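The values are calculated or read from the model by the stated rules, or taken from the named source; none is laboratory data. Here the structure is a predicted model, which is why all the values come from computation and not from measurement. Note that each Cβ is placed from the backbone with ideal geometry, even for glycine, and that neighbours are counted across all protein chains shown.
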Amino acid sequence: MTLYEAVGGFDVLLAVCRQWHELCLADPVAEHPFSHPGQHPQHDERLAAYLSEALGGPPLYTAGYGDESHVQRLHAGNGPHEELDDVCLRLFDRALADVGVAAEAAAGVSAYFRDAAVAMRAYDADVRLVPDGLPLRRA
């Protein structure tokens, strides 16, 4: 069984993403990247598509939105922000629990999401550091 299947599929991941978004908007540290004018109106759906594919589900992200280089460029060049990352990761774990994702699956998704967040730090300094053709990060 893939982690995607263990979580419950796309609809569950979308619910997690939507809950996480709401939790972040309500947090004074985490709200900034979720409330700025450049926030994509379908952020939650795009993130759910990315997570679905990364966790072993269908290729929803790469078939419709882009590749890992695209994702990295969206988040690159903002300088170090470990406090923000830590708060967002804690809220992501809370969203998993709020939605009712089973503990073992939630732990796997959380570990993946943490690793992906840390990997994004490689491009904190400048978006031009992101190479073309990065493969999608998979759990």
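Values for this structure:
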quantity: Inter-residue pairs, beta-carbon under 8 Å, first closer than 21 Å to L89 by Cβ and in the stretch 118-134, second part of a helix (DSSP H, G or I) and hydrophobic (A, V, I, L, M, F, W, C), 6+ apart; calculated: A122/L129; Y123/L129
quantity: Residue in the stretch 49-61 that is in contact with a helix residue (DSSP H, G or I) (Cβ under 7 Å, 6 or more places away or on another chain), within 18 Å of D98 (Cα to Cα) and outside any loop (DSSP other than H, G, I, E, B) present; calculated: yes
quantity: Residue selected from the stretch 1-28 under the condition among the charged types (D, E, K, R) and closer than 13 Å to H43 by Cβ, by the criterion surrounded by the fewest Cβ atoms within 10 Å (Cβ to Cβ); calculated: E22
quantity: Q72, sole failed condition from (1) at pLDDT below 95; (2) assigned to a helix (DSSP H, G or I); (3) within 21 Å of V12 (Cα to Cα); calculated: (3)
quantity: The stretch 101-139, subset among the basic types (K, R) and under 24 Å from P59 (Cβ atoms), residue surrounded by the fewest Cβ atoms within 10 Å (Cβ to Cβ); calculated: R138
quantity: Scan of the stretch 15-48 for residues that are part of a helix (DSSP H, G or I), farther than 14 Å from F92 by Cβ and out of contact with any Cys (no Cβ under 7 Å at 6 or more places or on another chain), ordered by number; calculated: H32, S35, E45, R46
quantity: Condition met for A54 (of a type outside the set (S, T, Y), under 20 Å from A122 (Cβ atoms) and in contact (Cβ under 8 Å) with a residue 60 or more places away in the chain); calculated: yes
quantity: Flag if G77 is outside any helix (DSSP H, G or I) and in contact with a helix residue (DSSP H, G or I) (Cβ under 6 Å, 6 or more places away or on another chain); calculated: yes
quantity: Candidates Y112, Y65 - the one that is in contact (Cβ under 8 Å) with a residue 60 or more places away in the chain and of a type in the set (S, T, Y); calculated: Y112
